[in-house]
Amino acid sequence: MSALKIWILAARPKTLIISISPVFLGLILAMCSGILQQNLFFITLITALSIQIGANLVNDYYDGIKGTDTKERIGPLRVTQAGLVSPKSMRRAIIAIFSITAIGGAYLAWQGGWIFILLTAIAIFLAIIYTAGAYSLSYLGIGDVITFFFFGPIALSATYYLQTHFFSSDAFWIGMAPGAFSCAILTSNNLRDMEQDRKAAKKTIPVRFGSFVGKCEYTLMLLIAISIPLFYCDTHPFVLLSLIILFPTSFILINLFKKNNSDFLITLLPKTAQLLLFYTVFFAIGWML
């Protein structure tokens, strides 16, 4: 495997819609308000992506050295555990990616005010302690809340504010949808890795309360996301186009509770990411119409 493919694998490209969606939707809302700053949008997107990729690399590194990731795991390959990247090289990559985040955050602060220095610092800190340390967020089982808000209402509201210099309650509430999808993607990961996480004392919600509760959490997150367009159908009726995902969502949920095998759980994360992608595209089209 080439070095490029290894680092692409480490970045977990199938999940990157998590950071793309709220930034893109924030831009759409700003565009419909008559404002579009393309360069600022691209810096915002790069900063958001670097935060998520950095968190993924930290997760790969610490789950590798802690022994959480083993040969027994049924999910995608983790490069530190597999020996494809040395711990030293991974640490350097983490420093590099968060340096990009810091530079991007400084530019956003120049455009939007000091609050973006604070948000960037908090984002980097949370991305690190999500897996690092004895009391990391993922090992305590509280990473779901952080994921929901940072990759949902906060990211979308921040993007809108950077473009317009106004806070929008619509941006905050619409951000609940990508936030809920992001939490569902995390839950699908936790359901897949439940047995390995239990052995490593990683107390995710499925580990703490069982797979049924984890499946209920996943279902609740999708229901929250799907309900958001209903609140805007009077003023923006075409956002109901995003409900085109109802059929595949129903199929996924039926199989989630019907099947309990690793083959289905392996496919759950990419399928949920695809739902978020289609939801984002059709909600954006509907809002512009």
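Looking across Thr147, Thr159, one residue alone is part of a helix (DSSP H, G or I) and touching a Pro at 6+ places or on another chain (Cβ under 9 Å). It is Thr159.
Quick grid of which residues meet (1) crowded, with 19+ Cβ neighbours inside 10 Å; (2) at pLDDT 90 or above:
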{"residue": "Leu253", "(1), (2)": "no, yes"}
{"residue": "Leu256", "(1), (2)": "yes, yes"}
{"residue": "Ser262", "(1), (2)": "no, no"}
{"residue": "Phe278", "(1), (2)": "no, yes"}
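Condition check: surrounded by 21 or more Cβ atoms within 10 Å (Cβ to Cβ) and closer than 30 Å to Gln196 by Cα. Does Gly175 satisfy that? In short, no. On the stretch given as the stretch 111-133, residues that are of a type in the set (Gly, Ala, Ser) and over 18 Å from Thr147 (Cα atoms) total 3.
With the condition kept exactly as written, say whether any residue in the stretch 133-141 is under 20 Å from the mean Cα position of the chain (by Cα) and hydrophobic (A, V, I, L, M, F, W, C). For the stretch 133-141, residues under 20 Å from the mean Cα position of the chain (by Cα) and hydrophobic (A, V, I, L, M, F, W, C): present.
Residues that are assigned to a loop (DSSP other than H, G, I, E, B) and either in contact (Cβ under 8 Å) with a residue 24 or more places away in the chain or over 24 Å from Ile254 (Cβ atoms) (or both) within the stretch 171-217 comprise Gly175, Asp193, Ala200, Ala201, Lys202, Lys203, Thr204, listed in sequence order. Condition check: closer than 21 Å to Gly141 by Cα, of a type outside the set (A, V, I, L, M) and either under 22 Å from the mean Cα position of the chain (by Cα) or at pLDDT 95 or above (or both). Does Lys202 satisfy that? The answer is yes for Lys202.
Hey, among the residues in the stretch 1-42 that are charged (D, E, K, R) and in a helix (DSSP H, G or I), which one's nearest to Tyr107 (Cα to Cα)? Filtering the stretch 1-42 for residues that are charged (D, E, K, R) and in a helix (DSSP H, G or I), the one nearest to Tyr107 (Cα to Cα) comes out as Lys14. Here's a check for you: in the stretch 2-30, which residue that is among the aliphatic types (A, V, I, L, M), out of contact with any Phe, Trp or Tyr (no Cβ under 6 Å at 6 or more places or on another chain) and modelled with pLDDT of 95 or more is farthest from His236 (Cα to Cα)? Filtering first and then ranking leaves Leu16.
Taken over the stretch 103-128, the residue count meeting the criterion of being in a helix (DSSP H, G or I) and more than 19 Å from the chain's Cα centre (by Cα) is 12. Residue pairs whose Cβ atoms lie under 8 Å apart, sitting 6 or more positions apart in sequence or on different chains, and linking a residue in the stretch 1-26 that is within 25 Å of Phe283 (Cβ to Cβ) to a partner that is surrounded by fewer than 19 Cβ atoms within 10 Å (Cβ to Cβ) and among the hydrophobic types (A, V, I, L, M, F, W, C), are Ile17/Leu277; Ser19/Leu45; Ile20/Leu45; Ser21/Leu277; Val23/Leu45; Phe24/Leu45.
Being among the hydrophobic types (A, V, I, L, M, F, W, C), surrounded by fewer than 16 Cβ atoms within 10 Å (Cβ to Cβ) and more than 24 Å from Arg192 (Cβ to Cβ): is that true of Leu240 here?
Spelling it out, Leu240 is indeed among the hydrophobic types (A, V, I, L, M, F, W, C), surrounded by fewer than 16 Cβ atoms within 10 Å (Cβ to Cβ) and more than 24 Å from Arg192 (Cβ to Cβ).
Taking the stretch 129-142 only, how many residues are assigned to a helix (DSSP H, G or I) and surrounded by fewer than 24 Cβ atoms within 10 Å (Cβ to Cβ)?
Summing the residues that are assigned to a helix (DSSP H, G or I) and surrounded by fewer than 24 Cβ atoms within 10 Å (Cβ to Cβ) in the stretch 129-142 gives 3.
The condition of being more than 22 Å from Leu16 (Cα to Cα) and small (Gly, Ala, Ser) holds for only one of Ala123, Ala155, Ala201, that being Ala201.
The values are calculated or read from the model by the stated rules, or taken from the named source; none is laboratory data. Keep in mind it's a predicted model, so treat the numbers as computed, not measured. Ideal geometry is used to build each Cβ from the backbone, glycine not excepted, and the neighbour counts take in all protein chains shown.
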